[in-house]
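All of the numbers you see were taken from the coordinates with simple rules; none came from a lab. Every value quoted in this text rests on a predicted model; they were computed, and no experiment measured them. FYI the Cβ positions are ideal-geometry reconstructions off the backbone, even for glycines, and counts take in every protein chain you see.
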Amino acid sequence: MKIKIALIPSEHTSKAQDLSSKLQNAMEAGEMSSVDQLTEELISLTGSEYSLSLSEEYWHKLIEKVRCSDDDFKSDYIMAKPQLETVIAADVAESFADVTGVVEQALKTDSVVLQLPFEEEDTNV
């Protein structure tokens, strides 16, 4: 499993939040065709310039480090300003410079960050 981290520009924030809620509901209901469609729609909102594919292990190490400074941190599909600020405050820049770059850009442009797991064999993600 890989984790896609990608900036979603501010003009798509509302739509991304809506799609994220629908995706969560579809996952909980086991509606896999809806999950696939919603995942594609979310990915279509991202740009390619600030987009990473990370190993699940690498992502979990980052989340563990963030949670050392904030026990309540949650990494939802869409990470908005409060979550992004928590990532920066956790002082992870040195160890996780690639992710920090995406997070900093999102904060500068009032954007959000998509955090989405995907299977490694999916080449279109």
Inter-label distance for Glu57 and Glu119, nm, one decimal - labels placed 7 Å from Cα along Cα-to-Cβ: 2.2 nm
Relative contact order for the stretch 27-125, counting Cα pairs under 8 Å that sit 6 or more residues apart, in percent: 26 percent
Angstrom value of the Kirkwood radius, inverse mean 1/r, which spans all Cα pairs in the chain: 14.7 Å
For peptides 73-81, 10-18, sequence by mean Cβ density within 10 Å, most packed first: 73-81, 10-18
Inter-part distance where the stretch 48-70 and the stretch 1-28 are each reduced to a Cα centre, Å: 16 Å
Total lysine pairs under 20 Å (Cα atoms) in the stretch 2-118, excluding pairs fewer than 8 apart on one chain: 16
Label-point separation, Ser44 to Asp71 (7 Å along Cα→Cβ), nm: 4.3 nm
